[in-house]
1. Collect the residues in region 110-137 that are surrounded by 16 or more Cβ atoms within 10 Å (Cβ to Cβ) and among the charged types (D, E, K, R), keeping them in residue-number order.
2. Run down 500, 504, 475 and say which single residue is at pLDDT 90 or above, aliphatic (A, V, I, L, M) and in contact with a helix residue (DSSP H, G or I) (Cβ under 8 Å, 6 or more places away or on another chain).
3. Restricting the search to region 531-557, which residues are in contact with a Lys or Arg (Cβ under 8 Å, 6 or more places away or on another chain) and buried (at least 20 other Cβ atoms within 10 Å of the Cβ)?
4. Can you confirm whether region 311-334 contains a residue that is free of Cβ contacts under 8 Å to residues at least 60 places away in the same chain, under 24 Å from residue 123 (Cα atoms), away from the ligand (no atom under 16 Å from the Cβ) and under 32 Å from the mean Cα position of the chain (by Cα)?
5. Can you name the condition, by its number, that residue 395 falls short on among (1) surrounded by fewer than 22 Cβ atoms within 10 Å (Cβ to Cβ); (2) modelled with pLDDT under 95; (3) within 13 Å of the ligand (Cβ to nearest atom)?
6. Would you confirm whether any residue within region 458-468 is surrounded by 15 or more Cβ atoms within 10 Å (Cβ to Cβ) and either within 16 Å of the ligand (Cβ to nearest atom) or outside any helix (DSSP H, G or I) (or both)?
7. Collect the residues in region 159-171 that are in contact with a Ser or Thr (Cβ under 7 Å, 6 or more places away or on another chain) and surrounded by 23 or more Cβ atoms within 10 Å (Cβ to Cβ), keeping them in residue-number order.
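The values are calculated or read from the model by the stated rules, or taken from the named source; none is laboratory data. Keep in mind that this is a model prediction, so the values were computed, not measured. FYI the Cβ positions are ideal-geometry reconstructions off the backbone, even for glycines, and counts take in every protein chain you see.
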Amino acid sequence: MQIINSIRAFLKPDPKGPWDVVARLFREGWRKYLPGYAIASFFMVFVAGTTALTAWIIGDVVDQVFIDRSVTQLIILATAVVVISSIRGISMYGSTVALARTGNAVVADMQKRVYDHVLNLGIAYFDKTHSSMLITAVSNRAGSASAVLSTVLTSLVRDLLSVVGLVTVMIIKSPWLSVVVIVIGPLALFGVGRLVHRIRSVARSEFAGMQQIIASMQETAIGIRVVKAFNLESAMRTRMTSSIESVRRRGNKISQIKARTSPLMETLGGFAVAGVILWAGYATIYEGQKPGAFMSFITAILLAYEPAKRLANTRVGLERNVVGVRFVYDILDTPATMDTNPDGPDLEITAGEIRFDDVNFGYRKKKLVLRDFKFQAEGGKVTALVGPSGGGKSTIMNLIERFYDIRSGTITIDGQDISKVRIASLHDQIALVSQHTTIFRGTIRENIRFGRPSATDEEVETAAKNAMAHDFIMATPDGFETELEEGSGLLSGGQLQRLAIARAMLRDAPIILLDEATSSLDSESEHQIQVAFERLMAGRTTIVIAHRLSTVLGASKICVVEDGKITESGRHAELLAAGKRYARLYQLQFQDHPTDDDDEEGEPKVASVG
Ligand code: ADP
């Protein structure tokens, strides 16, 4: 009964078992990978066939060469052995290569699919997902897909056919002995079902540990300054060590569980072979039977041992990889909740006026960040947002970009609801300059060109000149061809900002969203950035989160954003005269700010201009 249960557990389509994942892998890829797997299977059939033939031919060798002493048979059989071995060798090669190629194609496709899907997910998904999870998904977990497919194929085609072939040899050569072996054989499955469950939970925590290792490494690399400045080395080391150790322990555990099937199979195999030898020896010695059939039989048992063991281990081996594939499927199944209106109308800009009407929005379910929010930015003018941190200024920017969908109300640009237009056309009309310039791997030229990938070299250079970036770019080792890398530290904060402005200039969009850096710069950079900003904003609708006095002075309208509301708005002088919130903020934030206060004529504190 126990055995039957074990066999049933082994084959049962347990909803959490590997078969749903395996079925999905085949369902999604069978059309594309069928040729590859068909070629691999074709060769595997030959591998299995030649394995069985080897066992078969041993009997003939013993009977016809050693007992009958036939020279003709000797030559024929020797030639046959050479032919069989060659076919087997070539088939092994063919199946291994075909399997590996198809497996690599599966992994590559999986990686592309995950990346495509992740690109389409809304910002909200990234808010709640650690990047290490996405990294592990495209690195080691995508590899699990090919491991699952090749395990299944190798087991079901090569190993199963080999076992079937060898059992056939056994039955033909000695039906009675076969009955005994075939009864003992399934005993081996006993216990395997129980291992499956354990390995699944261990595999899951092994993957989780791997992700922690990547996360720790990533955090350390990104935050190395903080780590060093706060003497966090030993704390970080402890975290890392514990993740590494946990992965090591899980790895050991998995190997141990997998290996546990060996003693079982080994012992049973020994019993089977010993029994056959006793029987065969008896029949040969006392009843004068030719030993060939028994030799074939024993060879078949010995050859069947490995594939049978692998077959018994299939589930156990699958579990580990299925955990990885399931994880990737979880990402692929995350719905892209935002409707990007791929077939919607394009946003047409006339004046560039942006309006928020009774907008309600919150990042999390419970808390509203903007409540019945009303806001208007006049076309072609500069609107400055000021206010305490956490008031909602960045949120306004996020919503204009439609990084998140609002709960109610409307956001329109020139009367067109931004949730109704094709989202790519919305982004085409907006240039975003954030506080932190994102550097992508590549040259300075390529980095600026991200503003508009179709721009010519001249356009890139003109944009750099207008953004006051040309001089410092030419001073780098290879000018525009200097390679940049995230965190390379080659460029200063002010230079990075001007690079971002150059990108925005190149984009030449009618709407500019600008988040000024809070960190103060040296006065030369300050001045150059101010010039660059002024050129960028000229004639465009600009919404700027202002941290610099010159910006608020130049704005056509200043909005004070506090606690998700606009509490005051107007021009600098009016608001200052009103003596309310803005006046207080002004005292706190701008008055002592080391910017070129009275720089309207472009002079005083600035030492030199490029
Ligand atoms: P400001 O730019 O004025 O400093 P924000 O717009 O960044 O203010 O933040 C407004 C509120 O929204 C804050 O309470 C902040 O905690 C919250 N918030 C901002 N971004 C997120 C986010 N990605 N997920 C959850 N809450 C957020």
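1. 113
2. Being at pLDDT 90 or above, aliphatic (A, V, I, L, M) and in contact with a helix residue (DSSP H, G or I) (Cβ under 8 Å, 6 or more places away or on another chain) holds for just one of 500, 504, 475, which is 504.
3. 532, 541, 542, 545, 555
4. Yes, there is a match, as at least one residue in region 311-334 is free of Cβ contacts under 8 Å to residues at least 60 places away in the same chain, under 24 Å from residue 123 (Cα atoms), away from the ligand (no atom under 16 Å from the Cβ) and under 32 Å from the mean Cα position of the chain (by Cα).
5. (2)
6. There is at least one residue in region 458-468 that is surrounded by 15 or more Cβ atoms within 10 Å (Cβ to Cβ) and either within 16 Å of the ligand (Cβ to nearest atom) or outside any helix (DSSP H, G or I) (or both).
7. 162, 165, 166, 169, 170 - these are the residues of region 159-171 that are in contact with a Ser or Thr (Cβ under 7 Å, 6 or more places away or on another chain) and surrounded by 23 or more Cβ atoms within 10 Å (Cβ to Cβ).
Rundown of residues vs (1) in contact with a helix residue (DSSP H, G or I) (Cβ under 7 Å, 6 or more places away or on another chain); (2) crowded, with 19+ Cβ neighbours inside 10 Å; (3) more than 19 Å from residue 486 (Cβ to Cβ), yes/no style:
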| position | (1), (2), (3) |
| --- | --- |
| 406 | yes, yes, yes |
| 410 | no, no, yes |
| 422 | no, no, yes |
| 425 | no, no, yes |
| 431 | yes, yes, yes |
| 436 | no, no, no |
| 440 | yes, no, no |
| 454 | no, no, yes |
